[in-house]
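These notes are about the structure you will find just below.
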Amino acid sequence: MKEGKIPPEELSRLLKETSRSPEIIVGADAGEDAAVVRSDKIIIITADPITFTEENIGTYTVAVNCNDIVAMGGIPKYLTTTILLPPDSNHEKLPAIFKEISLACRQAGVLWVGGHTEVTSAVTRIVISAQMVGSLFKEPTVTSGAQAGELLVMSKWAGLEATTILAREKKQVCRRLLGREGFKRVLGWLHDPGISIIREGKILKDIRITAGHDPTEGGIATGIHEIASRSGVGARIDSAKIKIREETLKLCSYFNLDPLGILSSGVFLFTTEPELAADACAKLNTGGIPAAVIGKITPVFSPWPE
């Protein structure tokens, strides 16, 4: 592909994949500098790039940005994207990326309102950096809100996201290690149970969550540490309660990775009062999302694990 901006006629075709809604006053269009949307709510804003994989990059982009909004108790609403492609990119990749982002946004209930797309030698692989705007209808759930005596709950299983990435980036090795059915199963985790926590947010909307976190880089261990350190408390963890799938353990053993330290988007870590934790887990499990209490918040900060 030729370096520089995408030709206007091609860009116009691609932009048909972006969202249209009465909420959007000025949407994605060739030559427009920004999007304008109507809102009378408290706004949450986040930004995250996808730099570690090209396959299904649109799905990862939407999910990880949605997760930051949901973890704070918000509802994802608007997405903008900066898509950077190296000059040697296959010309068919860009339309596929646009279609994938469009589909992921529709599934998440998000409006894709604008962004920037460019071919540049500044990158050696496709990179997408996105910004997500969400709305908040209650007090924000912050990472620093955990209090001693509360329980720590975890949804899904450790290393969910990293396992799906390994299966895509190291196909031959993973197929050999997991077998045909196991490999196919892991590929499917991207969508079922998925790396989004939007469903968790909807199910838990009436549960009082004191601290919430979306464990990305550094995985479950870092996520727990960040909740504890930001809250000025400790965490006593029952490691046997942390769910890790056999497929993840096999791949981590081969690639010398710690399953508690790898990308875990799709997992929701949160603290809540003891009398609410069982109800939260029951609601998640009934909704088809595995969840368990994995620990208790303690008064004094100490390194994790003990």
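General observations
- Which numbered condition ASP48 misses (of (1) modelled with pLDDT of 95 or more; (2) buried (at least 20 other Cβ atoms within 10 Å of the Cβ)): (1)
- Filter pass, GLU181 being part of a helix (DSSP H, G or I), crowded, with 20+ Cβ neighbours inside 10 Å and among the acidic types (Asp, Glu): no
- Sole residue being within 28 Å of THR163 (Cα to Cα), in a loop (DSSP other than H, G, I, E, B), out of contact with any Phe, Trp or Tyr (no Cβ under 6 Å at 6 or more places or on another chain) and not small (Gly, Ala, Ser), chosen from VAL64, VAL123: VAL123
- Failed item, numbered, when THR82 is tested on (1) under 22 Å from ALA28 (Cβ atoms); (2) in a helix (DSSP H, G or I): (2)
- Within the range 20-41, the set of residues being at pLDDT 80 or above and either closer than 30 Å to GLU217 by Cα or surrounded by fewer than 16 Cβ atoms within 10 Å (Cβ to Cβ) (or both) comprises ARG20, SER21, PRO22, GLU23, ILE25.
- The residue list VAL110, VAL153 contains one member that is out of contact with any Asp or Glu (no Cβ under 9 Å at 6 or more places or on another chain) and in the same structural domain as ILE220 (by TED's automatic domain parsing), which is VAL153.
- Condition check for ASP68: at pLDDT below 80, charged (D, E, K, R) and in the same structural domain as SER89 (by TED's automatic domain parsing): no
- Top-ranked residue of the range 133-163 - restricted to ones that are modelled with pLDDT of 95 or more and part of a strand (DSSP E or B), ranked as farthest from SER102 (Cα to Cα): LEU151
- Within the range 191-212, residues that are in the same structural domain as LEU269 (by TED's automatic domain parsing) have Cβ atoms under 6 Å from residues that are part of a loop (DSSP other than H, G, I, E, B) and modelled with pLDDT under 95 in these pairs: ILE209/THR141; GLY212/THR141, counting only partners at least 6 apart in sequence or on another chain.
- Where THR210 falls short, out of the listed (1) surrounded by fewer than 17 Cβ atoms within 10 Å (Cβ to Cβ); (2) in contact with a strand residue (DSSP E or B) (Cβ under 7 Å, 6 or more places away or on another chain); (3) not aromatic (Phe, Trp, Tyr): (1)
- Among the residues here, SER253 does not qualify as at pLDDT below 95 and outside the structural domain of VAL70 (by TED's automatic domain parsing).
The values are calculated or read from the model by the stated rules, or taken from the named source; none is laboratory data. Since this is a predicted model, take the numbers as computed values, not measurements. Note: ideal-geometry Cβ built from the backbone for every residue, glycine included; neighbour counts use all protein chains shown.
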